[in-house]
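Remarks on the structure that follows.
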Amino acid sequence: MKAVVIHEHGGPEVLRYEDVPDPTPGPGEVLVRVRACALNHLDLWTRGGLPGRKIAFPHILGNDIAGEIAALGSPLEGIAPGQRVMLSPGTSCGRCPMCLSGEDNSCRQYRIFGALRPGGYAEYVCAPAPNVLPLPDHVGFPEAAAFPLVFLTAWRMLVTRARVRPREDVLVWAAGSGVGMAAVQVAKAFGARVIATAGTDAKLEQARRLGADEVVNHRTADVVAEVRRLTDKKGVEIIIEHVGEATWERSILALAHRGRLVTCGATTGPRGVTELRHLFSKQLTLMGSYMGSKAELLEAVPLFFAGKLRAVVYATLPLAEARRAHEMMEASEHFGKIVLEV
Ligand SMILES: [Zn+2]
């Protein structure tokens, strides 16, 4: 099959479109003919190399996969060749206390497609049966591929971790990013008031179209001052962080008393400055969040299929142009997801 493979860590130039052997599904697995695979920041980190995380080369990236069932490794109830599906992005052992209590994303054997197991930058990928989610006919493959990872992440951050409630003020940094566009919509679905930031007027306009109540340009405006103005000096109850070094200090300052900050990433750098007096005197809560469980994805999916959560596809490119897609993502000019079609 054709696949985009990396043989070493590095820049977008290490992505190579080439022939590799077809994968074979084992018992309890399916073989998926990939039709679309969305990019995530995790792809850039895996490509560039993460400290302490060794991957086996050659490696195929791609966390978010939609396609058709091509073959089964063993008979599986309710799954048949030809079925249109998307894949839950994380696999786990299915037997440990974490998996059995529904916290499969905390399983010690948790593996994300394209990170620690082969991903979707390929014509075919193998997946365990529990990762298969049938798609209704009206949902296209690019939209289906654009949904799972970022909405799963945003859902866990807002619903499970921060326990968002109606009328709370939620600040979403970088609403044009995948997690940002998902978080705006999930917060609105739960009745919150959303203040979204972005770096261009066009992105601010798109954030409004997704439901953001207020928008702030984080390149030209003082975000903390704007948050204070928009909340009568109160600050926001919840902050959705994934930017890291560039925004962390301002996030702490923008929180209301008893505010909750949830972070799922640090795209601009891993070190954030926290003035501890704010942490204790305002009784803040700082929370980490990482992916989400299969059950959380199943909670979010009906809203997606009903059109209440929209996976915004910024661009689709053929698989062979994965390098250009990575360059596009690094340039940060997109709003929503960049998707490879296979
Ligand atoms: Zn497990």
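The values are calculated or read from the model by the stated rules, or taken from the named source; none is laboratory data. A quick note: this is a predicted structure, and the numbers were derived from the prediction, not measured. Positions of Cβ are generated from backbone atoms using ideal geometry, with glycine treated the same way; all protein chains shown enter the neighbour counts. For accessibility, only protein heavy atoms count, side chains too; no ligands or nucleic acids. Shrake-Rupley method; radii C 1.70, N 1.55, O 1.52, S 1.80 Å.
Using a 7 Å offset from the Cα along the Cα-to-Cβ direction at both Arg111 and Tyr290, what is the distance between the two label points in nm, to one decimal?
1.7 nm
Which net charge results for the neighbourhood of Ala70, defined as the other residues with beta-carbon distances under 10 angstrom from its beta-carbon, given Lys and Arg at +1 and Asp and Glu at -1? Can you show the working numbers first?
Working: positive: Arg33; negative: Asp22, Glu68, Glu123.
Around Ala70, the charge tally is -2.
Hey, can you find the accessible area per residue of the chain for me, probe 1.4 Å, expressed in square angstrom?
Working: 14720 Å² over 342 residues.
Here the per-residue accessible area is 43 Å².
Taking the Cα centre of segment 201-310 as origin, work out the dipole magnitude from +1 charges on Lys and Arg Cβ and -1 charges on Asp and Glu Cβ, in debye rounded to 20. Mind showing how you got there, number by number?
Numbers: 17 positive and 14 negative charges, 27 e Å.
Here the size comes out at about 120 debye.
If you add up the charges near Cys96, with Lys and Arg at +1 and Asp and Glu at -1, over every other residue whose beta carbon is less than 12 angstrom from its beta carbon, what do you get? Don't jump to the answer; show the numbers that get you there.
Working: positive: Arg95, Arg108; negative: Glu103, Asp104.
With Lys, Arg at +1 and Asp, Glu at -1, the net is 0.
With only alpha-carbon atoms counted, please give the Rg and Dmax of segment 88-195, in Å.
Taking only Cα atoms of segment 88-195, I get Rg and Dmax of 15.8, 45 Å.
For the chain, modelled as a Gaussian network with Cα springs under 10 Å, which listed residue fluctuates most, Leu303, Leu39, Leu210?
Its mean-square fluctuation being the largest, the pick is Leu303.
Tell me, in nm to one decimal, what length is gained between Glu68 and Leu100 on full extension, where the rule is 0.36 nm per residue of separation less the Cα-Cα distance?
Values: separation 32, 0.36 × 32 = 11.52 nm, distance 2.82 nm.
Separation in residues times 0.36 nm, less the Cα-Cα distance, equals 8.7 nm.
Classify segment 5-140 from the C-alpha gyration tensor, please: rounded if a/c falls under 1.5, else prolate or oblate depending on whether a/b exceeds b/c. If you can, show how the numbers build up before the last one.
Details: a/c = 1.80, a/b = 1.24, b/c = 1.45.
Judged from the Cα gyration tensor, segment 5-140 comes out oblate (a/c at least 1.5, b/c at or above a/b).
log10 I(q)/I(0), Debye, Cα-only segment 209-342, no solvent, q = 0.22 Å⁻¹?
Per q value, in the given order, log10 I(q)/I(0) is -1.36.
On a 23 Å Cα-Cα criterion, which of the cross-link pairs Lys203/Lys308; Lys54/Lys294; Lys233/Lys282; Lys188/Lys234; Lys234/Lys308; Lys203/Lys337 come out too long?
Working: Lys203/Lys308 20 Å; Lys54/Lys294 25 Å; Lys233/Lys282 14 Å; Lys188/Lys234 20 Å; Lys234/Lys308 30 Å; Lys203/Lys337 13 Å.
Correct reply: Lys54/Lys294; Lys234/Lys308.
Ala221: net charge of surrounding residues, Cβ under 13 Å, Lys/Arg +1, Asp/Glu -1, itself excluded?
On the way: positive: Arg219, Arg228, Arg229, Arg250; negative: Asp201, Glu214, Asp222, Glu226.
Computed value for this residue: 0.
Could you give the alpha-carbon Rg of the chain over 2.2 N^0.38 Å, rounded to two decimals? Provide the component values of the computation, followed by the final result.
Working: Rg = 19.8 Å, N = 342, 2.2 N^0.38 = 20.2 Å.
The chain yields a ratio of 0.98.
In segment 226-300, what trypsin sites (Lys or Arg not before Pro) fall in a loop by DSSP, with at most 16 other Cβ atoms inside 10 Å? Display every interim value, and only then the final one.
Working: sites: Arg228, Arg229, Lys233, Lys234, Arg250, Arg258, Arg260, Arg271, Arg277, Lys282, Lys294; in loops: Lys233, Lys234, Arg271, Lys282.
Here the trypsin sites (Lys or Arg not before Pro) that fit, given the DSSP loop and packing criteria, are Lys233, Lys234, Arg271, Lys282.
In deg cm²/dmol, rounded to 500, what helix-only [θ] at 222 nm does the chain give when every DSSP H run of at least 4 residues adds -39500 (n - 2.57) and the total is split over its residues?
-7000 deg cm²/dmol
Could you state the orientation-averaged shadow area of the convex hull built on the Cα atoms of segment 120-248, in nm² to one decimal? Write down the numbers at each step before the final one.
On the way: hull surface 39.4 nm².
Mean orientational projected area (segment 120-248, Cα hull): 9.9 nm².
Quick one: of the DSSP bridges fully inside the chain, what percent are antiparallel, nearest 5? Don't skip to the end; give the middle numbers.
Working: 33 of 59 bridges.
Roughly 55 percent of the DSSP beta bridges within the chain come out antiparallel.
Tell me whether segment 135-208 comes out rounded, prolate or oblate; compute the Cα gyration tensor, take square roots of the eigenvalues as a ≥ b ≥ c, and use a/c under 1.5 as the rounded threshold.
Values: a/c = 2.02, a/b = 1.21, b/c = 1.66.
Oblate.
Considering only protein heavy atoms and a 1.4 Å probe, what is the carbon-and-sulfur percentage of the accessible area of the chain? Let's see the in-between values first.
On the way: 7610 of 14720 Å².
Carbon and sulfur together cover 52 percent of it.
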